[in-house]
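Student: Dropping a structure here in structure tokens format, bear with me for questions.
The values are calculated or read from the model by the stated rules, or taken from the named source; none is laboratory data. Source: prediction; values computed, not measured. Cβ: placed from backbone, ideal geometry, glycine included. Neighbour counts: every protein chain shown. Keep in mind that these areas ignore ligands, DNA and RNA; they rest on the heavy atoms of the full protein, side chains included. Shrake-Rupley method; radii C 1.70, N 1.55, O 1.52, S 1.80 Å.
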Amino acid sequence: KVVAIMTAEGEDVEEGSVVIVLEAMKMQNEIKASIDGVVSEIKCEAGERVEANVPLLEMIPENI
């Protein structure tokens, strides 16, 4: 389940920044950006249940 989305489309994020907080089995997990870049699309909403291996957001690398 998506607990919180900590970014917005068009926002610059740095590698290691928390972008989404998920809850699974009553444990919260922070999903962090793996690259510096710009969030191009958010594909989920807070409160939504998500399946494994489904993209939650897309980013454009900063150096392109």
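Student: Inverting the mean 1/r over all pairs of different Cα atoms, compute the Kirkwood radius of the chain and quote it in Å.
Tutor: The answer is 12.0 Å.
Student: List the longest stretch of the chain that has no exposed loop site; here a site is one of the GluC sites (Glu not before Pro) assigned by DSSP to anything other than H, G, I, E or B, with at most 16 other Cβ within 10 Å. The partial results should precede the final answer.
Tutor: Numbers: sites that count: Glu9, Glu11, Glu14, Glu15, Glu45, Glu48, Glu51, Glu62.
After excluding every exposed loop site, the longest remaining stretch is 16-44.
Student: Further question on the same structure: What FRET efficiency comes out for the pair Glu41/Ser17, r = Cβ-Cβ distance, R0 = 22 Å, nearest 0.05? Intermediate results must be reported in sequence, preceding the final value.
Tutor: On the way: r = 17 Å, r/R0 = 0.77.
It comes out at approximately 0.85.
Student: On to the next question. Summarise the accessible area of segment 1-54 (1.4 Å probe, protein heavy atoms) by the percent that is carbon and sulfur. List each step's numbers first, then the result.
Tutor: On the way: 1750 of 3840 Å².
Carbon-and-sulfur percentage of accessible area, whole number: 45.
Student: Under 5 Å between amide H atoms, partner at least 5 residues away or on a different chain: which partners does Glu11 have, H built in plane at 1.01 Å?
Tutor: Val39
Student: Averaged per residue, what accessible surface does the chain expose to a 1.4 Å probe, in Å²? Spell out each step's value before the answer.
Tutor: Working: 4670 Å² over 64 residues.
That works out to 73 Å² for each residue.
Student: Then there is this: Among residues other than Val18 whose Cβ falls under 13 Å from its Cβ, what is the net charge (Lys/Arg +1, Asp/Glu -1)? Intermediate results must be reported in sequence, preceding the final value.
Tutor: Numbers: positive: Lys32; negative: Glu11, Glu14, Glu15, Glu30.
Summing Lys and Arg as +1 and Asp and Glu as -1 gives -3.
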